[in-house]
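Here is the structure we will look at.
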Amino acid sequence: MELQPIFIQMLALLLFAIGLATALARRNVFFVLMGIELALNAVNLSFVGFAKTLPAAESVAGQIVPLFSIAVAAAEACVGLALVILIFRNRESVDSDNYSNMKG
Amino acid sequence: MTNLPLWIIPLFPLLGTILLGTVAVVSSGSKKGPSEGFVGALSVLFPALSFVSVVLLAFGMPEEGIRQTLCNWIDIPMLKVNIGFLFDGLSRVMLLFVTGIGSLIALYSIGYMHGDRGFTRFFAYINLFLFSMIVLVLSDSLLLTFLGWEGVGLCSYLLIGFWNHDLNNCKAANKAFIVNRVGDIGFLLGMLCLATLGGSAILNYDALNKFIEMLIAGGHVELATPIIAIAGLLFFVGCTGKSAQIPLLTWLPDAMAGPTPVSALIHAATMVTSGVYLLARLSRMFSVIPEVLMIVLIVGMLTAFWAAVAGLFQNDIKKVLAYSTISQLGYMFMAAGASAYDASIFHVFTHAFFKAALFLGAGAVIHALAGEQDMRRMGGLIKKTPVTACVMIFAFLAIIGFPGFAGFWSKDLILERLYTNAPFGEFFYGVGLLTAVITAVYMGRLIIMTFFGEYRGPKEKEAHIHEAPACMLFPMVILAVGAVFAGYLWADSLGIKFFEGTLAPVVGVAQDFVVGKLAVAHVNPMAFACFGTAAALLGMFIAYAIYGTKRLPRLHAKWGSAPEGFKADWTFFFDYIHSIFIVMFKAAAFVADVFVDKVLQAIQWTIGAIAEIVGDGVSSFQARKVRVQLTLSLVGLVALTAVVLLTGGLF
Amino acid sequence: MLALIYFIILAVIAVGAACCVFLSKHPLYGGLSLVLTMLSLAGIYGLLGSPFIGVVQIMVYAGAIMMLLVFVISVLNAAKDNRTPMFDGTSIFVLIGVLGLAGLIGFALVLTPLGFDATTLRGSVEMTSSNLFDTAQTGPGYFVLFEVLGLLLLSSMGAAVLMAKKRLGSDASVEAASEEAIAEEKEEK
């Protein structure tokens, strides 16, 4: 049995699900950030996996967009961590449920 | 020297404005102010240079005129306008007397404004005015003319309110500005009307003329007539604002609050005639809308007659001249309404000379009496100020149309054209002749009250009465010479038609178009000359009979006249009509205010209250935790995916 | 066959490390597990024939972003925060939602016919650079995007500095953040 594209997609889906669950289920704000990174990685993997199923000319986009996605993730992490530092200074807490000011 | 570029004409006054403005701003801190000789020399030099360039260009001008495009002004889709200049017969005449009389009056002002705190500022304004007026006259498109049009309005405002320590002067300036604005809106809407008809390119005069020719050639005049008529009416509203015709005339008597040279230059010789200039410039357009020309004719007649009557009752020497200006402008509009644009411009030309001379003379009288403007406190000045008196008497003979003087030729020409060209010509001719009689009466009254009889002012002032300095007398004398001889450029009865020839390329087509349709009754010009002379003599006789003897109006007469300032006597009902309009607008504004304040706010509150109630209700469903909210949206996503899969979105 | 074996090994490592992220108590452990996930993902990229993305993955993600994260965790010293429970009632709700979503998408994926194409380009440095920078052949689209991305990184760096600059010993972390951003830009070029 050879390597199939569906395996890669399944792996990507699994990682994405774990990332999403981490981001939403954990209360620690660092885990939220890490879950987002994991989900982004899974998406990149999915991109590349799909690109490999396409003929020559069309397989380019799927292998270049992940590069941009990685760069955006870098910017996101930079700003996100700065926000965490800012909020941590004001609230002295890493519990994301404590950050909300909303009533309800 | 004919290859002189046209932009050099407006350049000189602009330079003067910048230079003098800089001097005025720089010296505003110092107590003494800049040297008057230096400033005066500068302020006369620039208009004079401009005049010289006009003269040089005028002699070498080809028959069809000079057209030059300086640069691009506005270049956006739908609107492309160049800064272009058009120097033809019409602009040549206008430019010659605008720059010529402008230079003379600048020279006169050096004497008149001597010792004034705003000496430099005054000349900066005068130069700015000349620049705007030159742009107005020299431009080759309506849009650039509008620029100059607004510019002269601005300068008029600045100069009426020149002595801005007096609140009344400021009020008069505001009045002039606001009334002019009503007319300016007419001008603007007229341009928009034309643009809707033929695109923005039509704003160019040549293009407009070609467009009209094309309409006539193609037989489409009837189709375009409604819009052209509306445009013509709107332009005429603009002209009534600038040239103080009924109903926008009340600002001109009040405008006499400014310094007298300003009254002479702006409110008698140049700016107020720009309405007539515009009518002549757009003659080709007006020639296809005779109905509007009829309105012009009637308005001109009413204005001429009414202003002449109002002039009879003024005691302020400058107000008499202001009403006489309105009356003469009425003559010009009558001529334009009768499609006699060349006669109209000719009257503008001669009027510029004698009215400027009259105003400068009045200025010299006021100067001699140290600011006294009330004619009831004058009298017998011919012995004290002989030169001024002679100048004013010559100009007086010119304005009433005494045979041989400038006004005789131009006014006669207008009356003759009225008789032959206009519909119901006899009626308009009769009113014109009657107005001429009244003109002679009130001008005779002015001359008699000022220069003859006994001095009626306070005794202690009598000793100080003195003749004006030479730099004031020199322009007056030149203008008086003009007032005597300017008419010989077109002495119809003598067969000299030089002036008609110069204007023919510009307005000839339009005039022939209208007049050609009428069966011109041939009348001997000598008959008109005789009637005109008779009217002048009759008026002088009446004036002498009433005012020459002892029956002068006493100082505390029934019609009290404030010699200077804001409230004009005897504007009849026009101020009241204006105030009724203003009250109406105020009422509308009040209603709108209440509407906005109460009703609209009530609506706002209602909407706000509804939103608040709904929001309160909804907020009870709100989840506090961000994570819960995100999870809810995730569940929504699951539901959407399920729907897509079940309905076969992917298959 | 060999590829499948490698893939299974790497996939097991990746999923296992991801589960560690999900379940670890201390964020520092979570971060290190995440690094492991990313490394194995880089291996999978290499396996698939896109070595350049794999290398970038190691350098930027594992090397830069995760190290920044771990660094901030250490600086803020949030390890002592034992009051916050790992999971709560919401978490069960979340898990149900995520499992539902994954099940649906997985179902859709299984039903989709997929197969590797023999002519697919190898994601080498040469291919990437010629597509990014040879504007004469591929048009300016990617290149403009690349420049815009540079601006985004620069502005995010500025934003991070502005937000985190005040008080405390956080200056060091901000400098690290900006250095990382610059380093990433260089790497991409």
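The values are calculated or read from the model by the stated rules, or taken from the named source; none is laboratory data. Note that the structure is predicted; figures quoted are calculated from it, not measured. As a convention, Cβ positions derive from the backbone with ideal geometry for all residues, glycine included, and neighbour counts pool all protein chains shown. Heads up: the accessible areas ignore ligands, DNA and RNA and are worked out on the full protein's heavy atoms, side chains in. Shrake-Rupley method; radii C 1.70, N 1.55, O 1.52, S 1.80 Å.
The listed peptides B:37-47, B:593-603, ordered by packing as a protection proxy, come out as B:37-47, B:593-603 (highest mean of other Cβ atoms within 10 Å first).
For segment B:379-480, a crude dipole built from +1 on the beta carbon of Lys and Arg and -1 on the beta carbon of Asp and Glu, taken about the Cα centre, is about 240 debye to the nearest 20.
With a ≥ b ≥ c the root eigenvalues of the C-alpha gyration tensor of segment C:1-136, is it rounded (a/c under 1.5), prolate (a/b larger than b/c) or oblate? Verdict is oblate for segment C:1-136. Counting, for every residue in C:15-26, the Cβ atoms of other protein chains within 10 Å of its Cβ and taking the mean gives 5. Averaged over the residues of C:33-39, the number of partner chain Cβ atoms lying within 10 Å of the residue Cβ comes to 3. Database remark: amide H of B:ILE66 closer than 5 angstrom to the amide H of B:PHE87, B:ASP88 (H placed geometrically; neighbours at sequence offset of 5 or more, or on other chains; Pro and chain starts carry no H). In segment B:1-101, which GluC sites (Glu not before Pro) are in a loop and have at most 15 other Cβ atoms within 10 Å, using DSSP for the loop call? For GluC sites (Glu not before Pro) across segment B:1-101 that sit outside H, G, I, E and B with at most 15 neighbouring Cβ atoms in 10 Å, the list reads B:GLU63, B:GLU64. With N the number of residues in chain A, Rg(Cα) / (2.2 N^0.38 Å) evaluates to 1.36.
For segment A:30-36, the Karplus equation 6.51 cos²θ - 1.76 cosθ + 1.60, evaluated at θ = phi - 60°, returns couplings of 5, 5, 4, 4, 5, x, 5 Hz by residue, with Gly and Pro reported as x.
Averaged over peptide C:155-164, the number of partner chain Cβ atoms lying within 10 Å of each residue's Cβ comes to 5. For segment B:101-168, the Cα-based Rg and Dmax, in that order, read 13.4, 41 Å. With 0.36 nm allotted per residue and the present C-alpha distance subtracted, the B:ASP116-B:ALA370 stretch has 90.1 nm of extension available.
Ligands, DNA and RNA left out, the accessible area of the protein assembly as shown computed with a 1.4 Å probe is 72% carbon and sulfur. Under the convention that each Lys and Arg Cβ holds +1 and each Asp and Glu Cβ holds -1, the size of the dipole of the protein assembly as shown around its Cα centre is about 2780 debye. Using just its DSSP H runs of length 4 or more, each adding -39500 (n - 2.57), the protein assembly as shown gives a mean residue ellipticity at 222 nm of -23500 deg cm²/dmol after division by all residues.
Other residues lying with their Cβ under 15 Å from the Cβ of C:VAL94 contribute a combined charge of +2, Lys and Arg counting +1, Asp and Glu -1. Would you mind classifying segment C:1-79 by shape? Square roots of the alpha carbon gyration tensor eigenvalues, ordered a ≥ b ≥ c; an a/c under 1.5 is rounded, otherwise it is prolate if a/b is larger than b/c and oblate if not. The shape class here is oblate. Heavy-atom accessible surface of segment C:1-79, averaged per residue, reaches 38 Å², computed with a 1.4 Å probe.
Among the trypsin sites (Lys or Arg not before Pro) found in segment B:63-170, those both in a DSSP coil and sparsely packed, with 13 or fewer other Cβ atoms within 10 Å of their Cβ, are B:ARG117.
Distances between every pair of Cα atoms in the protein assembly as shown, grouped in 10 Å steps from 0 to the bin holding the largest one, split as 2, 10, 15, 14, 9, 5, 7, 10, 11, 9, 6, 2, 0, 0 percent.
A loss of 50 Å² or more of accessible area (1.4 Å probe, protein heavy atoms, ligands and nucleic acids excluded) relative to the isolated chain is seen in these residues of segment C:85-103: C:ASP88, C:THR90, C:PHE93, C:VAL94, C:VAL98, C:LEU101. Around B:HIS267, with a cut-off of 12 angstrom between Cβ atoms, what is the net charge of the other residues, counting Lys and Arg +1 and Asp and Glu -1? Residues close to B:HIS267 contribute a combined charge of +3.
On association of chains C and A, roughly 7200 Å² of accessible area becomes buried (total for both chains; probe 1.4 Å). Backbone amide hydrogens, once placed in the peptide plane, bring B:ASN204 within less than 5 Å of B:LEU142, excluding anything fewer than 5 places away on its chain. Between chain A and chain B, roughly 1000 Å² of accessible surface gets buried, counting both sides and using a 1.4 Å probe. At a probe radius of 1.4 angstrom, the accessible area of chain B per residue rounds to 41 square angstrom. Taking 24 Å as the limit for the C-alpha separation, the pairs B:LYS318/B:LYS411; B:LYS319/B:LYS497; B:LYS318/B:LYS497; B:LYS171/B:LYS586; B:LYS171/B:LYS318; B:LYS210/B:LYS497 exceed it in the case of B:LYS319/B:LYS497; B:LYS318/B:LYS497; B:LYS210/B:LYS497. Between B:LEU4 and C:LEU2, the modelled labels are 9.8 nm apart [label points 7 Å from Cα along Cα→Cβ]. For chain B, the residue among B:THR270, B:THR145, B:VAL54 whose Cα projects farthest onto the positive side of the dipole built from Cβ charges is B:THR270.
Segment B:LEU79..B:LEU538, full-extension length gain: 159.6 nm, with 0.36 nm per residue of separation and the alpha-carbon distance subtracted. Buried area at the B:C interface is about 1100 square angstrom, summed over both chains, from accessible surfaces computed with a 1.4 angstrom probe. In percent, rounded to a whole number, the relative contact order of chain B is 13, using alpha-carbon pairs under 8 Å and six or more apart. Considering only B:GLY457, A:ILE64, B:ASN174, the residue lying farthest towards the positive end of the dipole of the protein assembly as shown is B:GLY457, judged by Cα position with unit charges set on Cβ.
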